[in-house]
Amino acid sequence: MSVENDFLAFAVGAGANVLSQAAYASMTALGTGFQAGTAQSAALNKVWRQSSIMSAVLARFIVAQTGQPAVDDGTTETLLANLTAAISAVSQTAASGRLLNVRVFTSSGTYVSTVGTNKIIVEMVGGGAGSNSLAAPGPGNYSLSAGGGSGAYAKFLLTSGFTGGIPITVGNGGGIGSNGGTTSFGVFMSCGGGLAVAALSALSHATYPTAITAEASAGSASALSSGTLLAISGGQGTPGISTNTGILGGAGGSNPLGNGGASLGAAANAVQGQGFGAGAGGCCTDASVSNVAVTGAGGLAGAIIVYELA
């Protein structure tokens, strides 16, 4: 059924009695309006056609874009509201793909898309692992701890299937000496947390040139059959090492959303990284420097970042 449109163009038929455009443009009455006396019907028809054509075009635009009627009832409020809605509808169509919103989730819950979202790009990372604390090594000894592994990272595009609420899980950062948690976005993607490794404790100074901890493994990411832009393991935590000239704790693993904790020398407590999902830096202690205990650090929690597009 057609939608009512009361605004019709006047004098648009073939051979209509109207002035030519050139005659109309040179008409004195354009500036002064019609004065007392007899006006040409062709001049009046030209004036009415010019105004009626624009109103007819606007009315057709309203009907086409909103499906609402354009009614000539002598009021303006409804027409203005429908014209505003029509312009908004065209703007949304013309700007398809524009960025509507960026949502950052640092805790588990449910993702509900913003009204008008037609596709989303999701970045996510699992939780980073922590590094181990070390007791005082005792005379003639030293101890080493590796950095924690980073959580896995993924970036993917969804053009459907994300409406109605998507359960999300944000992986916790691992505590001291503990693994990071898994981050997931519904059934679409999962990013595992980084792993921690055991320390080497109370080693004799005689092993300086050779002692090295294991590397801390990173989490791994699943991948979509289509829409995956990037799915990678995070960076491994580097090992704690000893050399002929001293010892170092390992560095924490990094990822595109977070930098791992720094590698530190003897007697310094471990430090966390920056951002999301990074592993903690390791630590070390050497009785020849200072026979003290040092504290490991926790890994950073993961995150989910959703870019909503029209």
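Does residue 62 satisfy the condition of being among the β-branched types (Val, Ile, Thr), surrounded by 15 or more Cβ atoms within 10 Å (Cβ to Cβ) and within 30 Å of residue 114 (Cα to Cα)? So residue 62 passes the test. Of the strands (runs of 3 or more DSSP E) lying entirely inside the stretch 60-165, those containing at least 1 residues that are of a type outside the set (A, V, I, L, M) and under 30 Å from residue 201 (Cα atoms) span 141-144. In the stretch 175-195, of all residues being closer than 30 Å to residue 243 by Cβ and of a type outside the set (Ser, Thr, Tyr), the one that is surrounded by the fewest Cβ atoms within 10 Å (Cβ to Cβ) corresponds to 175. Of all residues in the stretch 169-187, none satisfies being under 23 Å from residue 270 (Cα atoms), outside any loop (DSSP other than H, G, I, E, B) and not small (Gly, Ala, Ser).
For the stretch 102-113, a tally of residues being surrounded by 15 or more Cβ atoms within 10 Å (Cβ to Cβ) and either not assigned by TED's automatic domain parsing to the domain that holds residue 302 or not charged (D, E, K, R) (or both) returns 4. Determine whether the stretch 160-174 contains at least one residue that is of a type in the set (Gly, Ala, Ser), at pLDDT below 95, more than 16 Å from residue 236 (Cβ to Cβ) and under 16 Å from the mean Cα position of the chain (by Cα). Among the residues of the stretch 160-174, not one is of a type in the set (Gly, Ala, Ser), at pLDDT below 95, more than 16 Å from residue 236 (Cβ to Cβ) and under 16 Å from the mean Cα position of the chain (by Cα), which makes the answer no. Considered as a group, the residues in the stretch 4-31 that are at pLDDT 90 or above and β-branched (Val, Ile, Thr) include one that is nearest to residue 66 (Cα to Cα), and that residue is 12. Filtering the stretch 264-285 to residues that are closer than 25 Å to residue 140 by Cα, buried (at least 24 other Cβ atoms within 10 Å of the Cβ) and not β-branched (Val, Ile, Thr) leaves 270, 281, 282, 283, 284. When residue 198 is tested against the conditions (1) assigned to a loop (DSSP other than H, G, I, E, B); (2) hydrophobic (A, V, I, L, M, F, W, C); (3) crowded, with 20+ Cβ neighbours inside 10 Å, the lone failure is (3). Could you list all residues from the stretch 68-97 that are of a type in the set (D, E, K, R) and loosely packed, with under 12 Cβ neighbours inside 10 Å? Within the stretch 68-97, 73, 77 qualify. Screening the candidates 184, 225 for the property of being in contact with a Ser or Thr (Cβ under 9 Å, 6 or more places away or on another chain) and hydroxyl-bearing (Ser, Thr, Tyr) yields one hit, 184. For residue 228, the requirement of being of a type in the set (Val, Ile, Thr), more than 20 Å from residue 301 (Cα to Cα) and at pLDDT 95 or above is met.
The values are calculated or read from the model by the stated rules, or taken from the named source; none is laboratory data. Just so you know, these numbers come straight off a predicted model, no measurement behind them. FYI the Cβ positions are ideal-geometry reconstructions off the backbone, even for glycines, and counts take in every protein chain you see.
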